[in-house]
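**Q** Take this structure first; my questions come after.
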Amino acid sequence: MPGFRNAAKKANVILSVIKKGEMVRAKDIAERLRRLGYKVNEASINMFIYHYMLHKYLKKVRIGGKNYYMLIN
């Protein structure tokens, strides 16, 4: 199972598994990446989204105490 070489590749792969208009949790993103063959951890996906992708590529919506992410149009 490959990992990620750099932050830009990781961001592009995360963006590729989210469809336009879809709200997903980090758990769902991690599962989709595992199906693609990447070795990922849900917690590391959460931290990566928070530090590198939030407000630039993704928007956070809090529903029922859980964070859902969706693409910024």
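**Q** May I ask you to evaluate 6.51 cos²θ - 1.76 cosθ + 1.60, the Karplus curve with θ = phi - 60°, for each residue of the stretch 55-60 and list the ³J(HN,Hα) values in order in whole Hz, giving x for glycine and proline?
**A** Couplings: 6, 9, 10, 10, 10, 9 Hz.
**Q** Take R25 and S44, extend 7 Å from each Cα along the Cα→Cβ direction, and tell me the distance between the two endpoints in nm.
**A** Taking the two extended label points, one gets 2.1 nm.
**Q** Considering only DSSP beta bridges whose two residues both sit in the chain, what percent are antiparallel, to the nearest 5? Before the final figure, lay out the partial values.
**A** Details: 7 of 8 bridges.
Here the antiparallel bridges make up roughly 90 percent for the chain.
**Q** Can you give the calculated 222 nm mean residue ellipticity of the chain, where each DSSP H run of n ≥ 4 adds -39,500 (n - 2.57) and the sum is split over every residue, rounded to the nearest 500 deg cm²/dmol?
**A** Working: 3 runs with 28 residues, N = 73.
Computed ellipticity for the chain at 222 nm equals -11000 deg cm²/dmol.
**Q** May I pose another question? Give me the lysines in straight-line cross-link reach of K59: C-alpha distance below 23 Å, same-chain residues under 8 apart excluded.
**A** The qualifying lysines are K9, K10, K19, K20, K27.
**Q** So, one more: For the chain, which whole percent of the accessible surface, found with a 1.4 angstrom probe, sits on carbon and sulfur atoms?
**A** On the way: 2510 of 4980 Å².
Exposed carbon and sulfur together represent 50 percent of the surface.
**Q** Averaged per residue, what accessible area in Å² does the chain show with a 1.4 Å probe, protein chains only?
**A** Values: 4980 Å² over 73 residues.
Accessible area per residue: 68 Å².
**Q** Which trypsin sites (Lys or Arg not before Pro) does the stretch 1-66 hold that lie in a coil by DSSP with at most 14 other beta carbons within 10 Å? The partial results should precede the final answer.
**A** Numbers: sites: R5, K9, K10, K19, K20, R25, K27, R32, R34, R35, K39, K56, K59, K60, R62, K66; in loops: R5, K19, K20, R25, K39, K56.
Within the stretch 1-66, the qualifying trypsin sites (Lys or Arg not before Pro) (loop, at most 14 other Cβ atoms within 10 Å) are R5, K19, K20, K39, K56.
**Q** Same structure, new question: Taking Cα atoms, how many degrees apart are the long axis of helix 26-36 and the longest axis of the chain, rounded to 10 and kept between 0 and 90?
**A** Tilt relative to the chain: about 30 degrees.
**Q** Also, I was wondering about something else. Distances over 19 Å make up what percent of all Cα-Cα pairs in the chain? Could you put the intermediate results ahead of the total?
**A** Details: 656 of 2628 pairs.
Cα-Cα pairs of the chain separated by over 19 Å account for 25 percent.
**Q** Among the GluC sites (Glu not before Pro) in the stretch 21-73, which ones are in a DSSP loop with at most 12 other Cβ atoms within 10 Å of the Cβ? Mind listing them?
**A** On the way: sites: E22, E31, E42; in loops: E22.
Qualifying residues, ordered by number: E22.
The values are calculated or read from the model by the stated rules, or taken from the named source; none is laboratory data. Remember, predicted model here, so these are calculated numbers, not experimental data. All Cβ positions, even for glycine, are placed from backbone atoms using ideal geometry, and neighbour counts span all protein chains on display. Just the protein is used for accessible areas: all its heavy atoms, side chains included, with ligands, DNA and RNA removed. Shrake-Rupley method; radii C 1.70, N 1.55, O 1.52, S 1.80 Å.
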